Amino acid sequence: MTTIPDNLNCPHCGERLGVEMTTQLMSQSRMSFTIHPNPGELLSARTVGDSITNMEKLLAAVGKEMGVKTNVLVGGLEWNEGCVKVDMIVARHEPGIKKRAAASSAEGGDR
């Protein structure tokens, strides 16, 4: 997706700048964000959970805006001095690939 912003003008002469911005979503992208508590406080489980949920909604909306179905997954959590670093994976839904709803038992397995 290529867009040309209409509000980028030269600060000196006011002439419109010829800038193009390109957005591209790979088959799998990673991004991280960190949540910092106020000094002397701890993060609540709700704060951490809501932050992850809101980021998932934002990343899914970006994919939808680009016309790409995506699946946003948590790749990892890292705790350090009361801060939480969240690693997110944004994966494209490839045609013909379906996410399994539940684990099924293997045929002929141990009984």
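The values are calculated or read from the model by the stated rules, or taken from the named source; none is laboratory data. Since the model is a prediction, treat every value here as computed from it, not as a measurement. Cβ sites come from the backbone with ideal geometry, for glycine too, and all protein chains shown count toward neighbours.
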In segment 56-67, is there at least one residue being at pLDDT below 85 and among the β-branched types (Val, Ile, Thr)?
yes
Taking the condition of being in contact with a Leu (Cβ under 7 Å, 6 or more places away or on another chain) and in a loop (DSSP other than H, G, I, E, B), how many residues in segment 31-48 meet it?
1
Within segment 61-81, the count of residues that are within 16 Å of ARG30 (Cβ to Cβ) and of a type outside the set (A, V, I, L, M) comes to 6
